[in-house]
Amino acid sequence: MLNEIRTNKKLMLTLSVGLVLRILFLVVGAKYYFGRDNIFVDGDTQVWAACIQNLIETGTYTMNPEHEYGFFGRTPGYSFFIGFFYLLTGKDWNAAYPIIAWTQVLLDVIAIYFVYKIGIKLFRGDKKHAVTPALIYAVYPFIIVWTPVVYSESLSIFFLILGLYFYISEEKKYNYIFAGTFISLSLLCRPQVLIMIPVMVIILIFQNRKNFRALFTKSLQFGISVLIFYGSWPIRNYVNYDKIILTQDLRGWNVADKDWIAFTQYLYSVKAEWQPQFDDLIHNRKVIFPKEAYINVEDSLKLEKAIYLAQNCGSSFSNWRGYWKEPITRENCNEEIKQLFDELKEDQIATNPLNFYILVPLENLSKALFKYKLYDTKTVARKVGSLLFVFRTFLILLGIVGILILFRKKEPLPIEILIVLLYFILLYFSLCFGTGPQFRNIEIRYFLPADVLLLLPASVTLKTLTDKFRKQNA
């Protein structure tokens with residue numbers, strides 16, 4: 001690895017650019033982008049920290065030992081990662097967080113190198129063009145911004161890239177064991193990676209459909225590693241707690257109990273955004289929904305009752321920052337709130353299926369692909385951050401065009417591009433069109449695994465354009 005970097009000046013320059021950008025953002029830019037002095041801690045950081053801290057101190061992995069769903073609040077991959085630094089610093093989170101951030105910066109620079117290695121496969125051994133996807137990744141802002149934050153995005157992408165690299169490296173011994181291991185570790189950091197496992201299994205079957213012996217051997221390697229590293233999590237959930245939970249369940253979090261989940265699920269049956277209704281609710285203002293919510297008088301009255309209860313005795317809402325009075329610690333009415341919003345959601349599906357199944361998901365898809373600004377644009381840094389979303393959309397479109405370019409060639413799609421295509425379609429479709437509690441909450445970071453993989457076909461588009469430009473000038 002080091003010899004290869006030393007002898008390849010373009011690769012060395014690419015890695016240097018990636019390292020400098022990440023250090024500059026951590027040291028200078030992050031506090032302006034996030035608008036806070038403590039760049040390491042964000043809203044969900046304490047949940048991962050609480051899970052591993054409870055394991056260390058009590059022997060039980062849980063974010064809330066007093067709630068039946070607290071044991072499943074976060075998949076354990078990232079918690080174990082940050083827990084190592086917690087122990088290393090003498091159980092001092094304030095000392096651990098900066099070290100975690102710098103470690104994530106270094107791991108992400110290593111990821112640039114493995115993107116380059118994947119690029120060699122993509123461009124059939126052409127090391128010159130293999131630098132292109134590595135360079136795009138090196139300057140990609142939506143991975144850079146997560147490197148200093150104690151969030152699982154950066155580590156998950158690192159493992160995802162390693163998993164893809166080993167999956168396509170047939171020349172390496174036991175490559176499918178390593179592929180299954182790293183994809184599992186990525187999944188144990190971010191649940192959105194779960195879709196990658198069936199994608200890789202489908203492609204493995206398709207590739208080896210005429211050679212049963214090879215199919216059996218490769219599937220066994222991949223399957224055993226996935227079973228050991230990822231499978232231990234749902235097995236633990238079923239054996240210890242008699243619950244079938246493949247990734248996570250947020251109900252054990254004090255801001256995301258059954259009342260809040262039912263509210264968001266109803267809201268996503270009506271519209272694609274949860275604002276301004278959520279802010280109005282917790283600030284005790286009048287909450288107004290789109291006209292689709294007021295289909296009949298009975299539902300309108302039921303909705304008014306549900307909102308009143310949520311504002312006054314919903315425990316989840318009371319724990320959100322900005323709630324209009326003190327958090328509710330006494331007896332709550334979460335069950336009644338859940339029942340009302342569940343009934344409203346079912347009525348919405350029955351009376352307005354076009355809006356639920358088509359129009360709202362299409363709004364989600366539009367937001368996922370073409371989001372162009374942040375919610376908060378009060379500072380110059382946030383305004384610049386909003387412009388970066390335009391760059392993100394541009395790269396997504398370049399990736400789609402790259403896939404179309406490869407389709408037009410009279411040869412099979414490269415295996416890495418086939419993985420990218422299937423994963424991109426399935427992830428975007430499930431998050432935008434899905435109907436369960438894990439879906440329709442369109443946060444752009446949830447699409448990061450697919451967006452990063454799309455940089456591979458995006459580099460194909462750039463190569464095609466530069467080749468045409470050179471021919472014209474020649």
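The values are calculated or read from the model by the stated rules, or taken from the named source; none is laboratory data. Source: prediction; values computed, not measured. FYI the Cβ positions are ideal-geometry reconstructions off the backbone, even for glycines, and counts take in every protein chain you see. Accessible surface is based on the protein model in full, side chains and every heavy atom, while ligands, DNA and RNA are left aside. Shrake-Rupley method; radii C 1.70, N 1.55, O 1.52, S 1.80 Å.
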Subject >> Cut-off 15 Å, label 7 Å out along Cα→Cβ of E343, residues of segment 286-307 by amide N >> reply: 296-307
Subject >> D (Stokes-Einstein, µm²/s), Kirkwood Cα radius, segment 36-178, 1.306 mPa s at 10 °C >> reply: 94 µm²/s
Subject >> Extension reserve of the K302-E443 stretch, reckoned as 0.36 nm per residue once the Cα distance is removed >> reply: 47.8 nm
Subject >> Point-to-point label distance, K10-R470, nm (Cα→Cβ direction, 7 Å offset) >> reply: 0.8 nm
Original post:
Over the alpha carbons of segment 230-310, what is the largest minus smallest coordinate on each principal axis, giving the biggest first in Å?
Top reply: 47, 25, 21
Original post:
Excluding ligands, DNA and RNA, what is the solvent-accessible area per residue of segment 1-149 at a probe of 1.4 Å, expressed in Å²?
Top reply: 44 Å²
Original post:
Mind checking the log10 I(q)/I(0) for segment 1-67 at q = 0.14, 0.18 Å⁻¹? Debye, one equal scatterer per Cα, no solvent, two decimals.
Top reply: -0.70, -0.77
Original post:
At q = 0.12, 0.13, 0.14, 0.16 Å⁻¹, what base-10 log of I(q)/I(0) does the Debye formula yield for segment 332-465 when every alpha carbon is treated as an equal point scatterer in vacuo?
Top reply: -0.63, -0.71, -0.79, -0.93
Original post:
How much length is gained if the chain between K383 and V239 is pulled fully straight, taking 0.36 nm per residue apart and subtracting their Cα-Cα distance, in nm to one decimal?
Top reply: 46.9 nm
Subject >> Carbon plus sulfur fraction of accessible area for segment 244-398, probe 1.4 Å, in percent >> reply: 61 percent
**OP:** Under a cut-off of 28 Å between alpha-carbon atoms, report the lysines in cross-link reach of K258, not counting same-chain residues fewer than 8 places apart.
**Re:** K243, K271, K286, K291, K302, K305, K325, K338, K345, K367
Subject >> Förster radius 41 Å - calculated FRET efficiency between R36 and R330 (Cβ-Cβ, nearest 0.05) >> reply: 0.80
Original post:
Got a sec to turn the phi values of segment 242-248 into Karplus ³J(HN,Hα) couplings, 6.51 cos²θ - 1.76 cosθ + 1.60 with θ = phi - 60°, whole Hz, x for Gly and Pro?
Top reply: 6, 10, 8, 10, 7, 10, 8
Original post:
Considering only protein heavy atoms and a 1.4 Å probe, what is the carbon-and-sulfur percentage of the accessible area of segment 1-77?
Top reply: 59 percent
Original post:
Average projected area of the Cα convex hull of segment 133-210, in nm²?
Top reply: 6.0 nm²
Original post:
With +1 on each Lys and Arg Cβ and -1 on each Asp and Glu Cβ, how big is the dipole of the chain about its Cα centre, in debye rounded to the nearest 20?
Top reply: 2620 debye
Subject >> R0 of 35 Å, Cβ-Cβ distance V139-L404: FRET efficiency to nearest 0.05 >> reply: 0.90
Original post:
Can you put W93, W48, W320 in order of accessible area, largest first, using a 1.4 Å probe?
Top reply: W320, W93, W48
**OP:** Sketch the reach of a paramagnetic label on L24 as a point 7 Å from Cα along Cα-to-Cβ, and name the residues of segment 118-153 whose backbone nitrogen lies under 20 Å away.
**Re:** 132-149
Original post:
Past the 29 Å Cα-Cα mark, which pairs from K121/K218; K128/K218; K127/K468; K410/K471; K117/K410; K9/K31?
Top reply: K128/K218; K9/K31
Original post:
Between F394 and N312, what length comes free when the chain is fully extended (0.36 nm per residue of separation minus the Cα-Cα distance, one decimal in nm)?
Top reply: 25.1 nm
Subject >> Solvent-accessible area per residue for segment 225-366 (1.4 angstrom probe, square angstrom) >> reply: 50 Å²
**OP:** Using every pair of alpha-carbon atoms in segment 168-253, split the distances into 5 Å bins beginning at 0 and state the percent of pairs per bin, rounded to integers.
**Re:** 3, 14, 22, 23, 16, 11, 6, 4, 1, 0
**OP:** Write out the cysteines belonging to the chain for which the nearest other cysteine Cβ is not under 4.7 Å, or none if no such cysteine exists.
**Re:** C51, C189, C432
Subject >> Relative packing of peptides 72-79, 331-338, 408-415 - highest average C-beta neighbours within 10 Å first >> reply: 72-79, 331-338, 408-415
**OP:** Return the sequence-ordered ³J(HN,Hα) values of segment 419-433 in whole Hz as given by the Karplus equation 6.51 cos²θ - 1.76 cosθ + 1.60 applied to θ = phi - 60°, using x for Gly and Pro.
**Re:** 4, 4, 4, 5, 5, 4, 5, 5, 5, 5, 5, 5, 5, 8, 9
Subject >> Cα-Cα P(r), segment 255-355, percent of pairs per 5 Å interval >> reply: 2, 14, 26, 27, 18, 8, 3, 1, 0
Subject >> Packing-based ranking, highest mean first, of 162-170, 10-18 given that Cβ atoms within 10 Å are counted >> reply: 162-170, 10-18
**OP:** For the chain, count all C-alpha to C-alpha pairs, find those more than 37 Å apart, and express that count as a whole percent of the total.
**Re:** 31 percent
Original post:
Can you give me the relative contact order of segment 200-287 as a percent, contacts being Cα pairs under 8 Å and 6 or more apart?
Top reply: 10 percent
Subject >> segment 394-474, Rg to Rh (Cα coordinates; Rh as Kirkwood inverse mean 1/r) >> reply: 1.10
